[in-house]
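The values are calculated or read from the model by the stated rules, or taken from the named source; none is laboratory data. Every value quoted in this text rests on a predicted model; they were computed, and no experiment measured them. Please note: Cβ atoms are built from the backbone with ideal geometry, for glycine as well, and neighbour counts cover all protein chains shown.
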Ligand code: NOJ
């Protein structure tokens, strides 16, 4: 299996024995400079209907192409591959890339939503299924997972990652890499710090200190490298003036020297050419030289390596050895993928029944119950009349989210359809759209209000269009768009109990709803099974177990807001004017990281540290007794956070270090054991070396980053 091969590659590659390595060396020796630079050249299919253009086919024939992306369908990929492996001089196969982000045809929840499951096994399973569907369409390489940590919900690409936490993000990064790489190569992106775009504005500069880079932004990349990821994508952003696609510290010092990464680095779309507008290169040759010598092996879409570097190599301004290293990384990747032996990689897509079943399960796990006053939920299936209202209630395209590859609206079960399928024929289900997502018209309100008046409960499905998050989709205001909040208020004014179902790609500010609506369910963009999974939760067939992978602010002014912040020298004090706070709102978020309700309740007791004095080489062992104190079976995500009380540099007030998903029957108790390697308590000290410092720590075990039972331990020399 590919996965085993790649994992082995990190240490000792089982696929590339000495004979093959020699073959690659002799292949390299036979290559002309153009053929070498050709391997570093990656273009997006420019033909009609997902095909390569004639020019691109000619490039493949001339050996001036390392890979293509956005070629759609097995026939189209095979057509160009045939030219590469039969008509080019050296017959080197092409890589076929595609952004398979959260499903190929079967669309799973967006990555941020899936992160709410706190279930790496689920993330691995959806990546595996997506990879197999893509492989059956001739794809050998995905540009996923995106592992950018994001602390600013204005940034639309927050939808594509795992949220704000490096520990959760690392587990999910590794799981997704493993899942994809059972069938195709994965690419972790965007290396690095892209998620810290200032003011949440897409492609904006970042200003990340080395400590924060290493402790917050880099860990998911490191986890992916350790899991054997084949490639990394260099990001668009500049950090403190150094663009990521020309940053030798990132792509050489850290990635190759410190982490011993043996795969290859691909640029983002024209990010090599963008070194010019960044202002660090005067023209294409300089841009290409900077990127290649920094360690960016493959040039996506700029054509600069192919067109502008030959002269620099011939004149000696770029040593041939630099070109050769990059080419060898691409050739080795092709070999590991098995392309030299099997360039067409025929695969059979899994049956849609099985992928849909997986999509429904994972979508159910991704839903977060934010509020449930007076046990409004779950609803009784025999409720006599239900009003389903809102622009997203019977909408097929939007649940597919911002980047759904080959996902088709016709495959989507809408929330209205899911509800209708759930309730008996005796339940009257009324539907009113009410408004558009971004419209300013309130003309549809009257119909919605009338439906709500006739109903026992009104379910409002509100939020964003899919394309309001994702790439190039930053928002300066993150409330409900258009007149949706007014629609919500109008329906709530009828006095009929309201359930708000949110569909969105980022945390929203929903203060009015949080104050006035009894039940709120966060569904993100759940993919093809959105409606069924939502109905499963609304009617109690699935007890919600999702937890927020990202903080929900009260207001825009709190951003950036994240749970693992430092304490400051003047932490909040209610009676202290000169403490760190706002005059007009609390410091606390609306909903904290890790938060989510269930239809049952859980009690934590007896948090104990088994070994309260540990050495830097030990593993901390913490036990806690968890009890289902409610009346339904449910799943809790028990979370363990630490706080280093005194250190040579100020440490976060809390850091997630372990969690467990645990399903308990009513009254059932279980004693959980959570473990943290003392090494994972380390940080970058004053001299920027990683250190586990002796001293006192607190540990909290509980249901979110804002709660938990406390215990103490000490790291000793
Ligand atoms: C630009 C995006 O930033 C990146 O994530 C994506 O993989 C490439 N385009 C290719 O589509």
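If residue 270 satisfies every condition in (1) surrounded by fewer than 24 Cβ atoms within 10 Å (Cβ to Cβ); (2) farther than 15 Å from residue 36 by Cα; (3) touching a helix residue (DSSP H, G or I) at 6+ places or on another chain (Cβ under 8 Å) but one, which is the exception?
That leaves (3) as the condition not met.
Would you point out which residue out of 690, 670 is surrounded by 15 or more Cβ atoms within 10 Å (Cβ to Cβ) and farther than 17 Å from residue 645 by Cα?
Details: 690 fails: surrounded by 15 or more Cβ atoms within 10 Å (Cβ to Cβ).
Among 690, 670, only 670 is surrounded by 15 or more Cβ atoms within 10 Å (Cβ to Cβ) and farther than 17 Å from residue 645 by Cα.
I'd like the residue in the stretch 501-530 that is closer than 14 Å to residue 463 by Cβ and assigned to a helix (DSSP H, G or I) and, out of all such residues, is farthest from the chain's Cα centre (by Cα).
Within the stretch 501-530, the first condition is being closer than 14 Å to residue 463 by Cβ, and the residues that meet it are 501-510, 513, 517, 520-526, 530.
Subset that is assigned to a helix (DSSP H, G or I): 513, 530.
On the way: 513: 27, 530: 18 Å.
Step by step, filter the stretch 501-530, then rank; the result is 513.
Given the structure, is residue 247 more than 16 Å from residue 186 (Cα to Cα) and more than 16 Å from the ligand (Cβ to nearest atom)? It would help to see each step written out before you state the result.
Numbers: more than 16 Å from residue 186 (Cα to Cα): yes; more than 16 Å from the ligand (Cβ to nearest atom): yes.
Spelling it out, residue 247 is indeed more than 16 Å from residue 186 (Cα to Cα) and more than 16 Å from the ligand (Cβ to nearest atom).
Could you please give the count of residues in the stretch 180-196 that are surrounded by fewer than 24 Cβ atoms within 10 Å (Cβ to Cβ) and either within 14 Å of the ligand (Cβ to nearest atom) or more than 29 Å from residue 138 (Cα to Cα) (or both)? Walk me through how you get there before you give the answer.
Our first condition is that a residue be surrounded by fewer than 24 Cβ atoms within 10 Å (Cβ to Cβ); within the stretch 180-196, this holds for 182.
Checking which are either within 14 Å of the ligand (Cβ to nearest atom) or more than 29 Å from residue 138 (Cα to Cα) (or both) leaves us with none.
Total meeting the criteria: 0.
Taking residue 210 as the residue in question, decide whether it is over 23 Å from residue 95 (Cβ atoms), over 12 Å from the mean Cα position of the chain (by Cα) and away from the ligand (no atom under 15 Å from the Cβ). Reasoning before the result, please.
Details: over 23 Å from residue 95 (Cβ atoms): yes; over 12 Å from the mean Cα position of the chain (by Cα): yes; away from the ligand (no atom under 15 Å from the Cβ): yes.
For residue 210, the condition - over 23 Å from residue 95 (Cβ atoms), over 12 Å from the mean Cα position of the chain (by Cα) and away from the ligand (no atom under 15 Å from the Cβ) - is met.
Do we have any residue at all in the stretch 491-500 that's within 14 Å of residue 445 (Cβ to Cβ), in contact with a helix residue (DSSP H, G or I) (Cβ under 7 Å, 6 or more places away or on another chain) and in a helix (DSSP H, G or I)?
Scanning the stretch 491-500 turns up at least one residue that is within 14 Å of residue 445 (Cβ to Cβ), in contact with a helix residue (DSSP H, G or I) (Cβ under 7 Å, 6 or more places away or on another chain) and in a helix (DSSP H, G or I).
Exactly one of (1) more than 19 Å from residue 677 (Cβ to Cβ); (2) part of a loop (DSSP other than H, G, I, E, B); (3) touching a strand residue (DSSP E or B) at 6+ places or on another chain (Cβ under 7 Å) is unmet by residue 630. Its number?
The failed condition is (3).
Out of the strands (runs of 3 or more DSSP E) lying entirely within the stretch 640-712, which hold 3 or more residues that are in contact (Cβ under 8 Å) with a residue 60 or more places away in the chain?
Numbers: elements: 655-664, 669-677, 695-702.
The strands (runs of 3 or more DSSP E) meeting that bar are 655-664, 695-702.
Of all residues in the stretch 205-241 being surrounded by fewer than 17 Cβ atoms within 10 Å (Cβ to Cβ) and out of contact with any strand residue (DSSP E or B) (no Cβ under 6 Å at 6 or more places or on another chain), which is nearest to residue 279 (Cα to Cα)?
It comes out as 241.
Just checking, which of 201, 256 is within 16 Å of the ligand (Cβ to nearest atom) and over 16 Å from the mean Cα position of the chain (by Cα)? First the steps, then the outcome.
Values: 256 fails: within 16 Å of the ligand (Cβ to nearest atom).
When all the criteria are applied, what remains is 201.
Could you check residue 278 against (1) more than 26 Å from the chain's Cα centre (by Cα); (2) away from the ligand (no atom under 16 Å from the Cβ) and say which number it fails?
Status for residue 278: all satisfied but (2).
Per-residue answers, yes or no, for (1) within 15 Å of the chain's Cα centre (by Cα); (2) surrounded by fewer than 24 Cβ atoms within 10 Å (Cβ to Cβ); (3) within 15 Å of the ligand (Cβ to nearest atom); (4) assigned by TED's automatic domain parsing to the domain that holds residue 544:
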| residue | (1), (2), (3), (4) |
| --- | --- |
| 118 | yes, no, no, no |
| 125 | yes, yes, no, no |
| 131 | no, no, no, no |
| 142 | yes, no, yes, no |
| 148 | yes, no, yes, no |
| 154 | no, yes, no, no |
| 168 | yes, no, no, no |
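Any residue in the stretch 439-453 that is more than 23 Å from residue 417 (Cβ to Cβ), outside any helix (DSSP H, G or I) and touching a helix residue (DSSP H, G or I) at 6+ places or on another chain (Cβ under 8 Å)?
Yes, the stretch 439-453 has at least one match.
Looking for whichever is assigned to a loop (DSSP other than H, G, I, E, B) and more than 11 Å from residue 37 (Cβ to Cβ) here; the options are 331, 339. Which one fits?
Details: 331 fails: assigned to a loop (DSSP other than H, G, I, E, B).
Checking each option against the conditions leaves just 339.
Tell me, yes or no, whether the stretch 208-220 has at least one residue that is over 29 Å from residue 180 (Cα atoms), modelled with pLDDT of 95 or more and in contact with a helix residue (DSSP H, G or I) (Cβ under 6 Å, 6 or more places away or on another chain).
Step one: list which residues in the stretch 208-220 are over 29 Å from residue 180 (Cα atoms), which gives 208-211.
Within this subset, residues satisfying the condition of being modelled with pLDDT of 95 or more are 208-211.
Those still in the list that are in contact with a helix residue (DSSP H, G or I) (Cβ under 6 Å, 6 or more places away or on another chain) too: 208.
Scanning the stretch 208-220, I find at least one residue that is over 29 Å from residue 180 (Cα atoms), modelled with pLDDT of 95 or more and in contact with a helix residue (DSSP H, G or I) (Cβ under 6 Å, 6 or more places away or on another chain), so the answer is yes.
Rundown of residues vs (1) under 26 Å from residue 349 (Cα atoms); (2) crowded, with 22+ Cβ neighbours inside 10 Å; (3) away from the ligand (no atom under 16 Å from the Cβ), yes/no style:
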| position | (1), (2), (3) |
| --- | --- |
| 34 | no, no, yes |
| 37 | no, yes, yes |
| 41 | no, yes, no |
| 46 | yes, no, no |
| 49 | yes, no, yes |
| 61 | no, no, yes |
| 68 | yes, yes, no |
| 71 | yes, yes, no |
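Residue-wise test of (1) part of a loop (DSSP other than H, G, I, E, B); (2) without any contact (Cβ under 8 Å) to a residue 24 or more places away in the chain; (3) surrounded by 12 or more Cβ atoms within 10 Å (Cβ to Cβ).
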{"residue": "554", "(1), (2), (3)": "yes, no, yes"}
{"residue": "570", "(1), (2), (3)": "yes, yes, no"}
{"residue": "573", "(1), (2), (3)": "yes, yes, no"}
{"residue": "581", "(1), (2), (3)": "yes, yes, yes"}
{"residue": "585", "(1), (2), (3)": "yes, no, yes"}
{"residue": "589", "(1), (2), (3)": "yes, no, yes"}
{"residue": "595", "(1), (2), (3)": "yes, no, yes"}
{"residue": "599", "(1), (2), (3)": "yes, no, yes"}
{"residue": "616", "(1), (2), (3)": "yes, no, yes"}
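So which of 434, 463, 470 is in the same structural domain as residue 383 (by TED's automatic domain parsing), within 16 Å of the ligand (Cβ to nearest atom), at positive phi and buried (at least 16 other Cβ atoms within 10 Å of the Cβ)? Spell out how you get there, then give the answer.
Working: 434 fails: within 16 Å of the ligand (Cβ to nearest atom); 463 fails: within 16 Å of the ligand (Cβ to nearest atom).
Just one listed residue meets the conditions, 470.
Among the numbered conditions (1) within 24 Å of residue 27 (Cα to Cα); (2) crowded, with 22+ Cβ neighbours inside 10 Å, tell me where residue 114 comes up short.
Of (1) within 24 Å of residue 27 (Cα to Cα); (2) crowded, with 22+ Cβ neighbours inside 10 Å, only one is false for residue 114: (1).
When you scan the stretch 408-431, how many residues do you find that are in contact (Cβ under 8 Å) with a residue 12 or more places away in the chain, buried (at least 17 other Cβ atoms within 10 Å of the Cβ) and either assigned to a helix (DSSP H, G or I) or touching a strand residue (DSSP E or B) at 6+ places or on another chain (Cβ under 9 Å) (or both)? Please lay out each step first, then the result.
Our first condition is that a residue be in contact (Cβ under 8 Å) with a residue 12 or more places away in the chain; within the stretch 408-431, this holds for 408-419, 421-424, 426-431.
Still in the running and buried (at least 17 other Cβ atoms within 10 Å of the Cβ): 411-419, 422-423, 427, 429-431.
Restricting the remaining residues to those that are either assigned to a helix (DSSP H, G or I) or touching a strand residue (DSSP E or B) at 6+ places or on another chain (Cβ under 9 Å) (or both) gives 411, 414-419, 422-423, 427, 429-431.
The qualifying residues number 13.
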